[in-house]
């Protein structure tokens, strides 16, 4: 087994969530796919749950980030205060640097 590479993102980085609908198990909510948010924490490095769900060994382990999104960016006509935010834990392979 090879050593995991360092996490690709740090606190404050803007990231866009990959938009995909794989035919297998995945843990990234559809309502954040294609949206841009800001990394607020690296939660750790864990076995890949998408591999584990299908009897795999979870390797390679994946960094898990907490990403914050403005509610107004997630929901059309969001009725709450404009400063409302939502935080979602997302694995690195679902993230790319924001354009």
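The values are calculated or read from the model by the stated rules, or taken from the named source; none is laboratory data. The structure displayed is predicted, hence computed values, not measured ones. Here the Cβ is made from the backbone with ideal geometry for all residues, glycine too, and neighbour counts use every protein chain on show.
For the range 2-23, state whether one or more residues are part of a helix (DSSP H, G or I) and modelled with pLDDT under 95.
No, the conditions are met nowhere in the range 2-23.
Residues that are surrounded by fewer than 13 Cβ atoms within 10 Å (Cβ to Cβ) and out of contact with any strand residue (DSSP E or B) (no Cβ under 7 Å at 6 or more places or on another chain) within the range 5-38 comprise 5, 6, 19, 20, 21, 22, 23, 24, 25, 30, listed in sequence order.
Residues being buried (at least 17 other Cβ atoms within 10 Å of the Cβ) and closer than 22 Å to residue 11 by Cα: count how many of those fall in the range 39-57.
Residues meeting the conditions: 2.
Within the range 51-72, one or more residues are in a helix (DSSP H, G or I) and at pLDDT below 95. State whether the residues of the range 74-89 include one that is at pLDDT 95 or above, crowded, with 17+ Cβ neighbours inside 10 Å and under 17 Å from residue 9 (Cβ atoms). For the range 74-89, residues at pLDDT 95 or above, crowded, with 17+ Cβ neighbours inside 10 Å and under 17 Å from residue 9 (Cβ atoms): present.
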